[in-house]
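Engineer: Supplied in structure tokens, the structure appears directly below.
The values are calculated or read from the model by the stated rules, or taken from the named source; none is laboratory data. Computed from a predicted structure; not experimentally measured. As a convention, Cβ positions derive from the backbone with ideal geometry for all residues, glycine included, and neighbour counts pool all protein chains shown.
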Amino acid sequence: MKKYDTIIIGAGQAGVPLAMKYAQAGYKTALIEKELVGGSCVNYGCTPTKTLIASAQLAYKAAHGAEMGIDIPEYRVNMKMVQDRKAKIVEMKRSASEEKLEELENLDLIYGKARFRSNKELIVESDEEIVLTAETIFINTGTRPAIPDVEGLSEVDYLTNKTILELTDIPEHLLIIGSGYIGFEFGQMYRRFGSAVTIVGDSDRLLPKEDEDVAEEMESILSEEDITFLKGHTLDSVKKDGSTLIASFKTDSGHKTVKASHLLIAVGREPNSLDSGLENTDINVDKKGYIQVNDQLETSVAGIYALGEANGGPAFTHIAYDDYRIVSENLLEKGNRSRDDRPLPYCMFTDPQLGRVGLSEQEARKKGLVIQVAKMPGKSVARSQEVGDTRGFWKVVLEKESGKILGAAILSPEGGELMSLLQVAMMGDLTYKQLQNGVFAHPTYAESLNNLFMKLEE
């Protein structure tokens, strides 16, 4: 058995900086990674998908150039070059992290699958089976695609958010099961690359965590790009007929069959920790298998912490990174940070982007808060008019009495950046009047904050 001061399971967006921090502080540290340094974000999440989305956006601009006086009668999508560009960027980011880790004293980077043998003992299946122990252990193992138990699905070559990233051929017809953020991003991307796309959801409401007007506007935008939506459809069975996939769905009115060349399963995630030997420990998990933690991210076993998606928190890279900051500050700097009061910003990288922070209108009303809503269509934004993209709208939820910002949904070009601007205002407790009277450079998107709050609804 090899003894360490600290063991970190998973070299993701929390695990990598945490391992470096502990090693630099002089602690004998082991970082265990079963696959690739960088985790899902670098290898098959944020970095590759947003790189591919940028290529798809350029294809869209080429197709619509004539609307702005730049007529491009013919353009061709070279998926091999698109994929090569993506692979180079991913490799650059991953190798940079690997080099930093390998240079550090006090740090052992161990590749292998880790399983708990007891509360503070781990078996790592690598070239040889080794046993490690430490008093302080961090679990940063992330999630994987949840695959539904559907007749015939295991017998066909379905895609996940991971495997679809390696396609070098453009699907003739991409059928996406799951009408959430992953389905929307990949659906729009491959429609712009040239695929016919059908997105299927089992609910009559798209994006249930968002306000209804946001979901409706997003559906309208994607429908204008000839993406087909099927709502209230539950996948019942899948079979293959030659090169064609045939999916059968249950609906309120009976059954419906859809034929496609490729099938993407994007119905949700499940924790990788399901098969990490937690049954051999006293670590508590919820009914889905996510590790339960307190506001300082400690599990039911003292000295063991769960970070990022492993603890069932919001599945975003920036949240995992903030988890790292919480535990490193508390444990290494004697701080008292908590995840209880942090903001939750996120962005769906469709085009236009949906930037979200704070409370939605439906959440605020459910809490019984007295609010006002400011909403402005994209066609009223001067910068949007100038760049030729007026899709979407800006929406901000305000506390009526104080005028402070409670939340925002910005469905707009650069929606993520605009949301971040409003988040900074929230962090500084600014009122809407301070933004309304602010002096912003002309002509920028931010300048339209002067106009947004003229449209307050009672």
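Engineer: Give me the strands (runs of 3 or more DSSP E) completely within the stretch 301-405, filtered to those with at least 2 residues that are of a type in the set (Gly, Ala, Ser) and in contact (Cβ under 8 Å) with a residue 40 or more places away in the chain, ordered by residue number. Walk me through how you get there before you give the answer.
Structural biologist: Details: elements: 304-306, 346-348, 353-358, 371-377, 393-399.
Qualifying strands (runs of 3 or more DSSP E): 353-358.
Engineer: Taking into account only those residues within the stretch 74-87 that are among the charged types (D, E, K, R) and surrounded by 11 or more Cβ atoms within 10 Å (Cβ to Cβ), which is nearest to residue 37 (Cα to Cα)? First the steps, then the outcome.
Structural biologist: The initial filter retains those residues of the stretch 74-87 that are among the charged types (D, E, K, R), namely 74, 76, 80, 84-86.
When the remaining residues are screened for being surrounded by 11 or more Cβ atoms within 10 Å (Cβ to Cβ), the result is 84-86.
On the way: 84: 20, 85: 19, 86: 17 Å.
Here the residue is 86.
Engineer: Which ones in the stretch 23-47 are closer than 14 Å to residue 90 by Cβ and surrounded by 24 or more Cβ atoms within 10 Å (Cβ to Cβ)? Step through it out loud before you land on a result.
Structural biologist: Just the residues of the stretch 23-47 that are closer than 14 Å to residue 90 by Cβ, to begin with: 35-47.
Listed by number, the residues that qualify are 37, 38, 39, 40, 42.
Engineer: Residues in the stretch 414-421: is at least one modelled with pLDDT of 95 or more, of a type outside the set (Gly, Ala, Ser), out of contact with any Pro (no Cβ under 9 Å at 6 or more places or on another chain) and farther than 16 Å from residue 356 by Cα? First the steps, then the outcome.
Structural biologist: Initially, the stretch 414-421 is screened for residues modelled with pLDDT of 95 or more, giving 414-421.
Right, trim to of a type outside the set (Gly, Ala, Ser) and you get 414, 417-419, 421.
When the remaining residues are screened for being out of contact with any Pro (no Cβ under 9 Å at 6 or more places or on another chain), the result is 417-418, 421.
If we keep only those that are farther than 16 Å from residue 356 by Cα as well, we get none.
Taking every residue of the stretch 414-421 in turn, none turns out to be modelled with pLDDT of 95 or more, of a type outside the set (Gly, Ala, Ser), out of contact with any Pro (no Cβ under 9 Å at 6 or more places or on another chain) and farther than 16 Å from residue 356 by Cα.
Engineer: Under the condition of being polar (S, T, N, Q) and not in a strand (DSSP E or B), which residue from the stretch 212-264 is surrounded by the most Cβ atoms within 10 Å (Cβ to Cβ)? Steps first, answer last, please.
Structural biologist: Initially, the stretch 212-264 is screened for residues polar (S, T, N, Q), giving 220, 223, 228, 234, 237, 243-244, 248, 251, 253, 257, 261.
Next cut, not in a strand (DSSP E or B) only: 220, 223, 243, 253, 261.
Working: 220: 11, 223: 12, 243: 7, 253: 7, 261: 16.
Restricting to residues being polar (S, T, N, Q) and not in a strand (DSSP E or B), the top hit is 261.
Engineer: How many residues does the stretch 378-417 contain that are within 17 Å of residue 220 (Cα to Cα) and either more than 26 Å from the chain's Cα centre (by Cα) or among the aliphatic types (A, V, I, L, M) (or both)?
Structural biologist: 4
Engineer: Looking at the stretch 283-290, can you tell me whether even one residue there is modelled with pLDDT of 95 or more, at positive phi, surrounded by 15 or more Cβ atoms within 10 Å (Cβ to Cβ) and not assigned by TED's automatic domain parsing to the domain that holds residue 181?
Structural biologist: Yes: the stretch 283-290 contains one or more residues that are modelled with pLDDT of 95 or more, at positive phi, surrounded by 15 or more Cβ atoms within 10 Å (Cβ to Cβ) and not assigned by TED's automatic domain parsing to the domain that holds residue 181.
Engineer: Let me ask you something else. Any idea which of (1) surrounded by fewer than 22 Cβ atoms within 10 Å (Cβ to Cβ); (2) touching a Lys or Arg at 6+ places or on another chain (Cβ under 7 Å); (3) in contact (Cβ under 8 Å) with a residue 24 or more places away in the chain is the one residue 201 doesn't satisfy?
Structural biologist: All conditions pass for residue 201, except number (1).
Engineer: Also, I was wondering about something else. Kindly list, by first and then second residue, each pair from a residue in the stretch 90-113 that is more than 14 Å from residue 9 (Cα to Cα) to a residue that is buried (at least 16 other Cβ atoms within 10 Å of the Cβ) and aromatic (Phe, Trp, Tyr), limited to pairs with Cβ atoms under 9 Å and residues at least 6 apart or on different chains.
Structural biologist: Within 9 Å, the pairs are 90/44; 106/22; 106/27.
Engineer: Within the stretch 102-140, track down each residue that is more than 15 Å from residue 2 (Cα to Cα) and loosely packed, with under 15 Cβ neighbours inside 10 Å.
Structural biologist: 102, 103, 105, 127, listed by residue number.
Engineer: On to the next question. Could you list all residues from the stretch 146-194 that are outside any helix (DSSP H, G or I), crowded, with 20+ Cβ neighbours inside 10 Å and either at pLDDT below 95 or on the phi < 0 side of the Ramachandran plot (or both)? Don't jump to the end; show me each part of the working.
Structural biologist: Step one: of the stretch 146-194, the residues outside any helix (DSSP H, G or I) are 146-152, 156-162, 167-180, 194.
Applying the additional criterion that residues be crowded, with 20+ Cβ neighbours inside 10 Å yields 158-159, 161, 171, 174-179.
Within the stretch 146-194, 158, 159, 161, 171, 174, 175, 176, 177, 179 meet the criteria.
Engineer: List, please: which pairs have Cβ atoms under 8 Å, are six or more places apart or on different chains, and start with a residue in the stretch 426-452 that is in the same structural domain as residue 404 (by TED's automatic domain parsing) and more than 14 Å from residue 384 (Cα to Cα) and end with one that is surrounded by fewer than 14 Cβ atoms within 10 Å (Cβ to Cβ) and among the hydrophobic types (A, V, I, L, M, F, W, C)?
Structural biologist: These pairs meet every condition: 436/454.
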